[in-house]
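S.K.: This structure is in structure tokens; I'll ask about it shortly.
The values are calculated or read from the model by the stated rules, or taken from the named source; none is laboratory data. Everything numeric in this text was worked out from a predicted model, so none of it was measured. Glycine also receives a Cβ, built like all others from the backbone with ideal geometry; neighbour counts cover every protein chain displayed.
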Amino acid sequence: MADSVLKTAGDVPKENRLGLKALDYGGGKSTLCAGCGHDAISNQIIRAFYEMSVSPERVVKFSGIGCSSKTPAYFMSRAHGLNAVHGRMPAVATGAMLANKNLLGIGVSGDGDTASIGLGQFMHMVRRNIPLIYIIENNGVYGLTKGQFSATADEGSKLKSGVINDLPPMDLCALAVELGCGFVARGFAGDPKQMVNILKAAIAHDGMAVIDVISPCTTFNNHEGSTKGYQYSKEHQELLHQIGFVPSYEQIEIDYAPGEVKKVVMHDGSTVLLKKLEEDYDPSNTLQALSRLHEAVEAGQMLTGLVFLKPEKKSFLEMLNLVEEPLASLSLDRVRPSREALAQIMRDLM
Ligand SMILES: Cc1ncc(C[n+]2csc(CCOP(=O)(O)OP(=O)(O)O)c2C)c(N)n1
Ligand code: SF4
Ligand SMILES: [Mg+2]
């Protein structure tokens, strides 16, 4: 495999296959704090959608409440957008994705929005395999409300005030694997090369793609004693593999020895390439994924990469056997039962 497949930070074309420029994928000016990891993630979202030549008008963005949930305002302003109340994005996104299956959905949430108030909704959305890219911008704190610990904060990590977290962290990747999600990844806002390829793979996936991204909060959780800051994350990041992505319309050139690179063909015909590093990791093995995530916690590693990948899993929309046209564009006479049918139902109930 040519090395360029694994390196994506290089040349970015001036126009994509739709004739659009990267600027066409931009949004409003960010109001987040300088250096916030969330802004770095927005940049990679812009890049991934641009390079994948996704029409922004085909995209629908969702979020809940939090600094992270503000970010859909900072990318793809030409896309549709729905901002839900705190922790309730999954219900809104489920409805929207069911109503128009031609849209490509991306949700941005926070560790508080997902792992605290929104946990119940999140879990059911994963179980149902709603086709949606679901990003958790994970900083271990409630940034918007001034930095209280969230449910993903590591045991023993310290707030600036000296308060120590004595509760165990919730691992959203492990939870998603356990609930049968077909695409589970962990990224780091400080590793854009890996991030952009995870995002491209998620765009190519049909089903729920859970991406937990460690995204440092420079204002409240980036000091010594924090386990979600830039310095700590850089020192503890452990790559499962190097990730490459080849879109369906490009040739794959392999020049690595057999067994060194695992190829996974995605729903849209693109290929994800996973170049083995030290360990032999099979991302389609649930037990291996769960045990590796547990090992990482015990060893104090911040494990990143495609933790679990099974593209063949049926999405909820496929299971529902919906008609070809999006439900939202069906005419009234096709969705409303006739007067006679309603009268018959009433008679049957009597
Ligand atoms: C029902 C409700 N409860 C509490 C709040 C207060 N609140 C706003 S954002 C937030 C947490 C945000 O944390 P997170 O989702 O991790 O996002 P971050 O700001 O860290 O990116 C809370 C508790 C609210 N807006 N609504
Ligand atoms: S408070 Fe933290 S999470 Fe919120 S914008 Fe500032 S750095 Fe980012
Ligand atoms: Mg947070």
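S.K.: Hey, any hits in the stretch 55-64 for a residue that's within 15 Å of ligand 3 (Cβ to nearest atom), outside any helix (DSSP H, G or I) and either under 15 Å from L104 (Cα atoms) or in contact (Cβ under 8 Å) with a residue 40 or more places away in the chain (or both)?
M.R.: Looking only at the stretch 55-64, we keep the residues that are within 15 Å of ligand 3 (Cβ to nearest atom), and these are 63-64.
Those still in the list that are outside any helix (DSSP H, G or I) too: 63-64.
So of that shortlist, the ones also either under 15 Å from L104 (Cα atoms) or in contact (Cβ under 8 Å) with a residue 40 or more places away in the chain (or both) come out as 63-64.
Yes - at least one qualifying residue is present in the stretch 55-64.
S.K.: Shifting gears a bit: List, please: which pairs have Cβ atoms under 9 Å, are six or more places apart or on different chains, and start with a residue in the stretch 73-84 that is free of Cβ contacts under 8 Å to residues at least 60 places away in the same chain and over 16 Å from R47 (Cβ atoms) and end with one that is of a type in the set (A, V, I, L, M, F, W, C) and assigned to a loop (DSSP other than H, G, I, E, B)?
M.R.: Correct list of pairs: H80/L103; N83/I65; A84/I65.
S.K.: Then there is this: Of the conditions (1) surrounded by fewer than 23 Cβ atoms within 10 Å (Cβ to Cβ); (2) at pLDDT 95 or above; (3) within 16 Å of ligand 2 (Cβ to nearest atom), A189 satisfies every one except a single condition; which number is it?
M.R.: (1)
S.K.: Do you know which residues across the stretch 200-236 are of a type outside the set (K, R), away from ligand 1 (no atom under 16 Å from the Cβ) and buried (at least 19 other Cβ atoms within 10 Å of the Cβ)?
M.R.: First, the residues of the stretch 200-236 that are of a type outside the set (K, R): 201-227, 229-233, 235-236.
When the remaining residues are screened for being away from ligand 1 (no atom under 16 Å from the Cβ), the result is 201-209, 224-225, 231-232, 235-236.
Passing the criteria: A201, A202, I203, A204, H205, D206, G207, M208, A209, Y232.
S.K.: Residue check: is G207 away from ligand 2 (no atom under 16 Å from the Cβ), within 13 Å of E137 (Cα to Cα) and under 12 Å from the mean Cα position of the chain (by Cα)?
M.R.: Numbers: away from ligand 2 (no atom under 16 Å from the Cβ): yes; within 13 Å of E137 (Cα to Cα): no; under 12 Å from the mean Cα position of the chain (by Cα): yes.
The answer is no for G207.
S.K.: Those residues that are within 24 Å of P326 (Cβ to Cβ) and within 15 Å of the chain's Cα centre (by Cα), I need them from the stretch 49-74; list them, please.
M.R.: Restricting attention to the stretch 49-74, the residues satisfying the condition of being within 24 Å of P326 (Cβ to Cβ) are 49, 52-63, 72.
If the condition is that a residue be within 24 Å of P326 (Cβ to Cβ) and within 15 Å of the chain's Cα centre (by Cα), then F49, V59, V60, K61, F62, S63, P72 are the ones that fit.
S.K.: I would also like to ask the following. Considering the stretch 219-246 alone, what residues qualify as being β-branched (V, I, T) and farther than 30 Å from V265 by Cβ? Walk me through how you get there before you give the answer.
M.R.: Step one: of the stretch 219-246, the residues β-branched (V, I, T) are 219, 227, 243, 246.
Passing the criteria: T219, T227.
S.K.: I would also like to ask the following. If P56 satisfies every condition in (1) under 21 Å from N222 (Cα atoms); (2) in contact with an Asp or Glu (Cβ under 7 Å, 6 or more places away or on another chain) but one, which is the exception?
M.R.: Result: P56 passes all but (1).
S.K.: Hey, another quick one. Being within 14 Å of ligand 1 (Cβ to nearest atom) and not polar (S, T, N, Q) is the filter here, so list the residues in the stretch 144-183 that pass it.
M.R.: L144, K146, G147, F149, A151, A153, L159, P169, M170, L172
S.K.: Follow-up question, since we're still on this one. Just checking, how many residues over the stretch 112-158 are among the polar types (S, T, N, Q), more than 10 Å from ligand 3 (Cβ to nearest atom) and touching a residue at least 60 places away in the same chain (Cβ under 8 Å)? Break it down into steps so the answer makes sense when it comes.
M.R.: In the first step, residues of the stretch 112-158 are kept if they are among the polar types (S, T, N, Q); the result is 114, 116, 121, 129, 138-139, 145, 148, 150, 152, 157.
With more than 10 Å from ligand 3 (Cβ to nearest atom) added as a condition, the list becomes 121, 129, 157.
If we keep only those that are touching a residue at least 60 places away in the same chain (Cβ under 8 Å) as well, we get 129, 157.
Summing the residues that are among the polar types (S, T, N, Q), more than 10 Å from ligand 3 (Cβ to nearest atom) and touching a residue at least 60 places away in the same chain (Cβ under 8 Å) in the stretch 112-158 gives 2.
S.K.: Within the stretch 292-326, take every residue that is over 24 Å from N197 (Cα atoms) and in contact with a Lys or Arg (Cβ under 8 Å, 6 or more places away or on another chain) and give me the one that is modelled with the lowest pLDDT.
M.R.: Within the stretch 292-326, the subset over 24 Å from N197 (Cα atoms) is 294-295, 297-300, 316-326.
If we keep only those that are in contact with a Lys or Arg (Cβ under 8 Å, 6 or more places away or on another chain) too, we end up with 316-317, 322, 326.
Working: F316: 96, L317: 94, L322: 90, P326: 95.
My answer is L322.
S.K.: Have a look at T145, T114 and point out the one that is under 22 Å from A289 (Cβ atoms) and of a type in the set (S, T, Y). Before you say what the answer is, go through the steps one by one.
M.R.: Values: T145 fails: under 22 Å from A289 (Cβ atoms).
Only one candidate qualifies: T114.
S.K.: Another question about this same structure. Which of (1) hydrophobic (A, V, I, L, M, F, W, C); (2) part of a loop (DSSP other than H, G, I, E, B); (3) more than 10 Å from ligand 3 (Cβ to nearest atom); (4) crowded, with 23+ Cβ neighbours inside 10 Å does C173 not meet, given it meets every other one?
M.R.: (2)
S.K.: Something else about it: Take the residues in the stretch 90-138 that are β-branched (V, I, T) and within 16 Å of ligand 2 (Cβ to nearest atom); name whichever of them is farthest from the chain's Cα centre (by Cα).
M.R.: For the stretch 90-138, the residue satisfying everything is T114.
S.K.: Let me ask something else. Would the stretch 235-256 turn up any residue that is out of contact with any Asp or Glu (no Cβ under 8 Å at 6 or more places or on another chain), under 20 Å from S42 (Cβ atoms) and within 16 Å of ligand 3 (Cβ to nearest atom)?
M.R.: No: zero hits.
S.K.: Then there is this: Mind checking which residues of the stretch 141-150 are within 10 Å of ligand 2 (Cβ to nearest atom) and either part of a loop (DSSP other than H, G, I, E, B) or not β-branched (V, I, T) (or both)?
M.R.: Of the residues in the stretch 141-150, the ones within 10 Å of ligand 2 (Cβ to nearest atom) are 141-147.
Y142, G143, L144, T145, K146, G147 - these are the residues of the stretch 141-150 that are within 10 Å of ligand 2 (Cβ to nearest atom) and either part of a loop (DSSP other than H, G, I, E, B) or not β-branched (V, I, T) (or both).
S.K.: Next up: Looking at the stretch 184-211, which of its residues are over 17 Å from S291 (Cα atoms) and part of a strand (DSSP E or B)? Quick ask: steps written out before the conclusion?
M.R.: So in the stretch 184-211, the residues over 17 Å from S291 (Cα atoms) come out as 187-211.
If the condition is that a residue be over 17 Å from S291 (Cα atoms) and part of a strand (DSSP E or B), then G187, F188, M208, A209, V210, I211 are the ones that fit.
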